[in-house]
Amino acid sequence: TMFGQGFGRRPQFRNKDIRIGYRISFIDVYTGTGATISYKLPSGKTEIVDVKIPAGVKNNDQVRIEGYGDNSIPNAPRGNLIIQLAINNPAGWRRDGDNIYTERTVDVFDLMLGKKITITTPEQKNITLNIPAGTNNGVTMSITGHGLPQVNTNRRGNLYVKIYAITPKLTKDELTKIQEIKNGIDLRT
């Protein structure tokens with residue numbers, strides 16, 4: 001048995017939804033943002049609405065504001081306003097869910113000897129990343145809790161940094177010294 005079917009009632013007509021696009025910055029994804037958005041109704045009237053966009057939203061997420069859509073049909077409830085978000089992705093960063101990814105290049109000696117490098121996150125935080133001596137080229141290192149926030153939680157994703165090495169141009173004398181070190185290593189193995 002089905003309940004609540006409402007037999008004999010006429011369907012409730014409602015005005016149409018209005019869909020608009022709105023662009024936010026990557027920083028806004030970290031903090032959430034408030035926005036005052038103006039848009040045109042089909043009647044030509046301009047409507048203004050204050051919108052709260054939560055932290056952690058993703059590209060193409062939608063925010064729905066009830067009762068701010070079309071009002072062309074009199075005596076029928078207004079439609080909704082549906083705001084589709086577009087996020088400006090900063091150069092050199094990629095997002096996957098709540099995790100963010102970037103790459104850094106050091107020289108091959110930094111991988112052999114170890115080095116501390118500074119990563120400036122998209123939210124402008126400086127984080128020191130320790131590259132241990134003997135790190136391999138192409139390794140991905142993770143920094144926990146410095147990714148993007150999850151919507152409506154206090155949890156954050158991770159930041160991942162892929163490390164690449166470049167080989168510097170060396171003089172003949174420098175190459176000879178490196179060959180001597182390499183020969184010494186070969187004898188120890």
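With both bridge residues required to lie in the chain, what share of the DSSP beta bridges run antiparallel, to the nearest 5%?
Here the antiparallel bridges make up roughly 60 percent for the chain.
Out of the total accessible area of the chain (probe 1.4 Å, heavy atoms of protein only), what percent is carbon and sulfur?
Roughly 50 percent, rounded to a whole number.
Counting only pairs 8 or more places apart or on different chains, how many lysine pairs in the chain have C-alpha atoms closer than 24 Å?
For the chain, the number of qualifying lysine pairs is 18.
Mind checking the angle between helix 172-188 and the chain's longest principal axis? C-alpha axes, 0 to 90 degrees, to the nearest 10.
Once rounded, one gets 90 degrees.
To the nearest 10 square angstrom, how much accessible area does Thr167 have with a 1.4 angstrom probe?
It works out to around 110 Å².
Taking R0 as 30 Å, what's the FRET efficiency between Arg94 and Asn154 from their Cβ-Cβ distance, rounded to 0.05?
FRET efficiency, Arg94 to Asn154: 0.80.
Strictly greater than 22 Å: what percent of every Cα pair in the chain meets that?
More than 22 Å apart: 65 percent of the Cα pairs in the chain.
Order the following by accessible area, largest value first: Met112, Met141. Probe radius 1.4 Å; ligands, DNA and RNA are ignored.
In descending accessible area the options line up as Met112, Met141.
Taking the DSSP beta bridges in the stretch 89-189 as the whole, what percent of them are antiparallel, to the nearest 5?
Expressed as a percentage, antiparallel bridges in the stretch 89-189 total about 65.
Please list Arg95, Arg64, Arg156 in order of solvent-accessible area, largest first, computed with a 1.4 Å probe with all protein chains present.
Arg64, Arg156, Arg95
Test of understanding: given the chain, find the longest segment containing no GluC sites (Glu not before Pro) that are in a DSSP loop and have at most 14 other Cβ atoms within 10 Å.
In the chain, the maximal stretch lacking such sites is 124-189.
What number comes out for the charge environment of Asn59, summing +1 per Lys or Arg and -1 per Asp or Glu over other residues with Cβ under 11 Å away?
+2
The values are calculated or read from the model by the stated rules, or taken from the named source; none is laboratory data. What you are looking at is a predicted structure, and each value in this text was computed from that prediction instead of being measured. Glycine also receives a Cβ, built like all others from the backbone with ideal geometry; neighbour counts cover every protein chain displayed. Protein only, heavy atoms only, side chains kept; ligands, DNA and RNA dropped before computing areas. Shrake-Rupley method; radii C 1.70, N 1.55, O 1.52, S 1.80 Å.
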